[in-house]
Amino acid sequence: MIKINRDKTITDTPVKRKRGKTRYIFQKCTIQGNVDYIFGGGSALFVECIINSIYSDEGESYICAPCTSHLRAYGFVFYHCKINCDDSQQNNYLGRPWREFAKAYFINCDMSANLLENGWHYWGDDPASVQKADFRAYQANTKLIDQYWAISSKNIPTELIASLQRYFNINL
């Protein structure tokens, strides 16, 4: 289990570091934290992982805060993961953009009932922070995240899965 609290990264590729081709794959692991506990500029694929958002004294939990380079095809991709949120937590979010071009996708994830319907949040309550972000949730179940600046669909494009398989060199 990876336990991370408050602005710690598991994808240690800050924006200015020259590791443009580095890609991470996390399979069948458990990651636990509270605020921005998965963040950074890397490309990471989480496959069948358990993501636990635990209580934060601030009353908010953000799973990811990507700062994806505009040169990267993908930022953080959560594929068939179980997303759990603390029942006592006031506000739980999938993520927020740390910088321009932030990218995060949740594909066929089983999400806690108490995850907010809007799913995503601005950085610092600034609506302009999401203008160049690419946030998506493809859910086969009935829970859809409704925001005008994020893609939400019950249908997963087959070309997306094929592209992810090529990019991360993995069979999904």
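The values are calculated or read from the model by the stated rules, or taken from the named source; none is laboratory data. Not measured: the values here are computed from a predicted model. Cβ sites come from the backbone with ideal geometry, for glycine too, and all protein chains shown count toward neighbours.
Of the residues 61, 152, 129, which is free of Cβ contacts under 8 Å to residues at least 60 places away in the same chain and closer than 24 Å to residue 24 by Cα? Break it down into steps so the answer makes sense when it comes.
Numbers: 152 fails: closer than 24 Å to residue 24 by Cα; 129 fails: closer than 24 Å to residue 24 by Cα.
Result: 61 is the single residue among 61, 152, 129 that is free of Cβ contacts under 8 Å to residues at least 60 places away in the same chain and closer than 24 Å to residue 24 by Cα.
Residue 29 - would you say it is under 15 Å from residue 99 (Cβ atoms) and of a type in the set (A, V, I, L, M, F, W, C)? It is false that residue 29 is under 15 Å from residue 99 (Cβ atoms) and of a type in the set (A, V, I, L, M, F, W, C). When restricted to residues that are touching a helix residue (DSSP H, G or I) at 6+ places or on another chain (Cβ under 8 Å), of a type outside the set (D, E, K, R) and in a loop (DSSP other than H, G, I, E, B), the range 41-98 contains 3.
Each residue in the range 161-170 was checked for being in contact (Cβ under 8 Å) with a residue 24 or more places away in the chain and either in contact with a Ser or Thr (Cβ under 6 Å, 6 or more places away or on another chain) or over 14 Å from residue 46 (Cα atoms) (or both), and 1 of them qualify. Which of (1) surrounded by 16 or more Cβ atoms within 10 Å (Cβ to Cβ); (2) more than 12 Å from the chain's Cα centre (by Cα); (3) modelled with pLDDT of 90 or more; (4) of a type in the set (A, V, I, L, M) is the odd one out, the single condition residue 45 does not satisfy? For residue 45, the exception is condition (2). Among the candidates 71, 94, the residue that is on the phi < 0 side of the Ramachandran plot and buried (at least 18 other Cβ atoms within 10 Å of the Cβ) is uniquely 94.
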